[in-house]
Every structure is written in structure tokens, then in C-alpha cells.
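The values are calculated or read from the model by the stated rules, or taken from the named source; none is laboratory data. Quick caveat: nothing in here was measured; it's all calculated off a predicted structure. All Cβ positions, glycine included, derive from the backbone under ideal geometry; neighbour counts span all protein chains shown.
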Amino acid sequence: MKKLQLLIILLVIFNLQIKSQTDSLSTISYSADIRVSSISDAQKSIDNFISSKKIIPSIYYKTKSTIEININISEQDYLDLKSLIPKWGYLDNHQETTTNYIEKMNDLKLEQNSLINEKGRYIKLSENIDASNSKYYDYSEKIIKLEKEIGNLNYEILHLKKKHKNFNVNLKFIEETNTTYSNDISWVNMPGIEYSYLISENSTLNISPDKMNGYILKYMFTRGKSYGLLGLYRANTTDSLTINDMYIFGLGQDFYSKHLGRGENKFFNLYISFNAGVYVTSNKIKLVNSSWFVNPFFGLEILKTKNLLFDSKIGYFLPFETNKTQRGFLANFSFNFVF
């Protein structure tokens, strides 16, 4: 029983030694893009961190709107840095990778042992022949070549042995100059439907109705909520001269604020929006007019996941040609899904 306990203790100690050796021969690389409101404030923050930790950056490059920095730091400094980043700005893209050198160390040792054995064979061969023999010169050349290769491998092994757990950090600070979430375009395929309620501000007898119900096909094609619209507004009117149908074709774009979550919350993301396009109106007798429109909105995303979006917004309908009689207030509700 005591022998079994002793064996277990030895195995645990051996595994801990292996883990310690593995950890000591690893490099963790971390890269991140940090979006900030002020590049000068970001510079003060990173400079304070560098000076307090007595770090010498490998790279420190600053432009009017960006700072790029590369540093090699200890594990504690790395943990401190990661805790500070969310306070400095918005963490956009980040990646952490670990490179372990223990396998490379073992490969180098195996190769070195193989070369040492090969060198030993040539030494024995050279000892069994006369120096005047032509093969003696060939063996001597191979021994010298092998000694050089063994020396190079020994240098690499010693270099790896000097490696401790190392943290290499690349940071890029980017000053934001607008309210859009990102400069990168992320394409999506999200069809959907939208209901719209239009209340005319100045409805006019025999020209425009006081309210219309809109039924719209809404196709979103970017994560930043760029979308296309194809819809019909219809009024319940018995007057043959009053507009009862309005067809719209347009494009729209939503914008998130960097101060209000950037559209990344699951519930209740606030945003501003607009859409623009052309419209065609008709009554029960004929086509009445056609022109272009612009609609500004304030919106609230009720629910947002990777695959679904329930959205609401209020806005104002601004037709170009018949602005006085057709402009009005809009209340919209939409549902989109990944297809």
C-alpha cells in the first residue's frame, strides 16, 4: 500500500514538472483593436501604464487618429493590462494565441542525439584506418560538418531553455469620428416584413387621406443594417379622387451610437435611421403622381439575436413633390430573420 502511495506521489510530481516546463517554454500573443473617443486620452493612458511598469515598447507608432504599440511583458503585467483595456475604450477585435516550444525542444534534442551518434560512428571508422587512406580525409570532413551542426542545434536548445512564459502584446488604438459601429462591411441575408402606419399632417379632401397602412418587404444585407424596401401603403377611402394606394421603392441605413452600446445589446438598442427612394401614388381612377422621398427615424430594437431581429421606429414621411399634402408621421414595426 505504501509503495502504491509513493508511486502516485512520484507521478504527480513528474506531471507537475512537465507542466511547469511546458508553461515556461510558451509564448502568448495577444492582439486587439481598441476604439476610443480621444486618441490623446488613449496616449496618456498607455503611456502611464508603460512608465509605471517600466516597459520598453518594441513598436510605438502614432498618427493623428491611431496608435500602434507592441510590448513584451510579464504575466502579471499582462493581467493588469487586460483589466485596463475596457476602461480605455471599446474592445473591437481581439485574439489570443499560445505557442508552445516544448515539442520543438524535444525535436531538437532528438536530432542532436542522432547527429552525435552519427559523429561517433565516423570517429570509430577513422580510428580503424591509416591517416594516409583517402577515406580518412572524407571521415574527418564529415566529423567537422557534424560538429558544426551539433553546435548549431546546441545553440538553439540553449536559446529555448532561456525562454520563460512570455507575453507579446499588439495594441491598436483607433479614434472614432462617426457613430457607425465599424468600418468593416459584414454581409448578411436577412429578409423580413415591416408594418408601417402613416398619419398625414395635412390631409386634404380629394387629394390625400388622413391615414394609410403600409405593408413592406424589408431585406437587410449588412450587419450594420443596410436594407432595401419594397412596399404598398393603402388607405380605406370611398372617395375616387383621393389617393388610396402609394407604392414605395427605396434603400435605408441604421446608425448606432458609440455611447449607447453600438447595437450589441440583445434587448433595446437605440439608433437613428433614414431611408430614401421613390414613390408612386394612385387613386381609384388613375396614377396621381410620382417623386422621391426621405424618411428620418428614431428606432429601438426590441430583440436582437444572431438570427432574429424585432424592430420598431418612429419617423416622418417627407415626399418631395407633394410635401404639403402628403407629409406625415410614421410608426413602423418590423421582423427580420436569417435565411
From the list Ile123, Ile185, Ile143, which one is modelled with pLDDT of 80 or more and touching a Lys or Arg at 6+ places or on another chain (Cβ under 9 Å)?
Ile143
Over segment 283-335, the set of residues in contact with a Pro (Cβ under 7 Å, 6 or more places away or on another chain) and in contact (Cβ under 8 Å) with a residue 40 or more places away in the chain is Phe293, Gly315, Gln326, Arg327
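Okay, residues lined up against (1) of a type in the set (Val, Ile, Thr); (2) over 24 Å from Glu156 (Cα atoms):
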site	(1), (2)
Gln43	no, yes
Ile46	yes, yes
Asn70	no, yes
Trp88	no, yes
Asp92	no, yes
Gln95	no, yes
Tyr101	no, no
Gln112	no, no
Can you list the strands (runs of 3 or more DSSP E) lying wholly within segment 45-154 that have 3 or more residues being on the phi < 0 side of the Ramachandran plot and surrounded by 13 or more Cβ atoms within 10 Å (Cβ to Cβ)?
66-73, 90-100
Quick check on segment 309-319. Is at least one of its residues modelled with pLDDT of 90 or more, farther than 26 Å from Asp210 by Cα and not small (Gly, Ala, Ser)?
yes
Would it be correct to say that Leu270 is assigned by TED's automatic domain parsing to the domain that holds Leu198, under 17 Å from Phe337 (Cα atoms) and in a strand (DSSP E or B)?
no
Failed criterion for Asn283 (all others in (1) surrounded by fewer than 16 Cβ atoms within 10 Å (Cβ to Cβ); (2) among the polar types (S, T, N, Q); (3) modelled with pLDDT under 90 hold):
(1)
Picked from segment 243-267 (must be of a type in the set (Gly, Ala, Ser) and outside any loop (DSSP other than H, G, I, E, B)), the residue surrounded by the most Cβ atoms within 10 Å (Cβ to Cβ) is Gly250
Within segment 198-215, the residues that are under 15 Å from Asp245 (Cα atoms) and either free of Cβ contacts under 8 Å to residues at least 40 places away in the same chain or of a type outside the set (Val, Ile, Thr) (or both) are Leu198, Ser200, Ser203, Asn206, Ser208, Pro209, Asp210, Lys211, Met212, Asn213, Gly214, Tyr215
Selection from segment 135-155 of residues under 30 Å from Met105 (Cβ atoms) and touching a Phe, Trp or Tyr at 6+ places or on another chain (Cβ under 8 Å) yields Lys142, Ile143, Leu146
Over segment 224-242, the set of residues assigned to a loop (DSSP other than H, G, I, E, B), in contact with a strand residue (DSSP E or B) (Cβ under 9 Å, 6 or more places away or on another chain) and surrounded by 16 or more Cβ atoms within 10 Å (Cβ to Cβ) is Gly224, Lys225, Ala235, Thr242
Counting only residues in segment 323-336 that are farther than 18 Å from Gly231 by Cβ and not charged (D, E, K, R), the one surrounded by the most Cβ atoms within 10 Å (Cβ to Cβ) is identified as Thr325
Determine the pairs where a residue that is assigned by TED's automatic domain parsing to the domain that holds Ser29, located within segment 61-87, has a partner that is surrounded by 11 or more Cβ atoms within 10 Å (Cβ to Cβ) and among the small types (Gly, Ala, Ser) with Cβ atoms under 7 Å apart, the partner being 6 or more residues away or on another chain.
Ile67/Ala42; Asn70/Ser58; Ile71/Ser58; Asn72/Ser58; Ile85/Ala32
Is at least one residue of segment 83-102 within 54 Å of the chain's Cα centre (by Cα), of a type outside the set (D, E, K, R) and over 24 Å from Ser29 (Cα atoms)?
no
